[in-house]
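Below is one structure, written out as structure tokens; comments come after it.
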């Protein structure tokens, strides 16, 4: 079965700083999804990456997929308090997703 | 545009009782998924439906768990004879033919 490891597990950054979260898979990635979760709430879809080398951006968040390394990264530029939460990567085909354990991000003023 | 909705949002029950959760997917989505999430972990897949057909079930879905999607629209997840280990957030997601999956707010179950 596929396993996803996220690093770091938690991160505290000052507002305005850049940060990167990594997601490494034990198997080949055929699709990688990034979600954000506020504590006690559901998951909010951020981005989907399907091809090796693919890079997508939305506002100040950029995600990349390195198929050869079986890895994806999520980069936030000029972090804001609204970016705080738990970031989860998920992988899978059209039926089910396997998730990492998440990276908890705190943004300090 | 309404997203995925789940009811109830919170449920507290005593060990041994039965509970039922409901999920209403995004209206045009043909696939519906159930996941379970415990504290500090990512969601774990339980089962999924394409229209009214239940196509896959995880080993996590013991005999006490049953899910239905009778008319291919809303779905229910029932847990019989609840145990303290069933305490978790139960998340529902929907999609149109696979990807991406959009999640509801979840139902938090506490078994006393």
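The values are calculated or read from the model by the stated rules, or taken from the named source; none is laboratory data. Here the structure is a predicted model, which means the values were calculated and not measured. So basically every Cβ, Gly included, is an ideal-geometry build from the backbone, and we count neighbours across all protein chains shown.
For the stretch A:92-104, filtering for residues that are in a strand (DSSP E or B) and farther than 15 Å from residue B:40 by Cβ leaves 1. Might you check whether a residue that is within 14 Å of chain A (Cβ to nearest Cβ), part of a strand (DSSP E or B), without any contact (Cβ under 8 Å) to a residue 40 or more places away in the chain and over 30 Å from residue A:7 (Cβ atoms) occurs anywhere in the stretch B:20-37? No - not one qualifying residue is present in the stretch B:20-37. Hey, among the residues in the stretch B:80-109 that are part of a loop (DSSP other than H, G, I, E, B) and more than 8 Å from chain A (Cβ to nearest Cβ), which one's nearest to residue B:35 (Cα to Cα)? Among residues in the stretch B:80-109 that are part of a loop (DSSP other than H, G, I, E, B) and more than 8 Å from chain A (Cβ to nearest Cβ), the one nearest to residue B:35 (Cα to Cα) is B:87. Residues that are over 15 Å from the mean Cα position of the chain (by Cα) number at least 1 in the following strands (runs of 3 or more DSSP E) confined to the stretch A:1-41: A:10-14. Annotation: of all residues in the stretch A:49-91 being surrounded by fewer than 19 Cβ atoms within 10 Å (Cβ to Cβ) and part of a helix (DSSP H, G or I), the one that is farthest from the other protein chains (Cβ to nearest Cβ) is A:81. Considered as a group, the residues in the stretch B:54-65 that are more than 10 Å from chain A (Cβ to nearest Cβ) and not in a strand (DSSP E or B) include one that is farthest from residue B:78 (Cα to Cα), and that residue is B:59.
Restricting the stretch B:67-79 to residues that are part of a strand (DSSP E or B) and crowded, with 16+ Cβ neighbours inside 10 Å, the residue that is nearest to the other protein chains (Cβ to nearest Cβ) is B:67.
Return yes when residue A:38 is touching a strand residue (DSSP E or B) at 6+ places or on another chain (Cβ under 7 Å), at pLDDT below 95 and surrounded by fewer than 14 Cβ atoms within 10 Å (Cβ to Cβ) and no when it is not. Yes, satisfied. When residue B:51 is tested against the conditions (1) within 11 Å of chain A (Cβ to nearest Cβ); (2) without any contact (Cβ under 8 Å) to a residue 24 or more places away in the chain; (3) over 30 Å from residue A:8 (Cα atoms), the lone failure is (1).
Within the stretch B:1-18, count every residue that is over 12 Å from the mean Cα position of the chain (by Cα) and part of a strand (DSSP E or B). Number satisfying all stated conditions: 4. Note on the stretch A:92-109: residues that are more than 11 Å from chain B (Cβ to nearest Cβ) and under 13 Å from the mean Cα position of the chain (by Cα) amount to 1.
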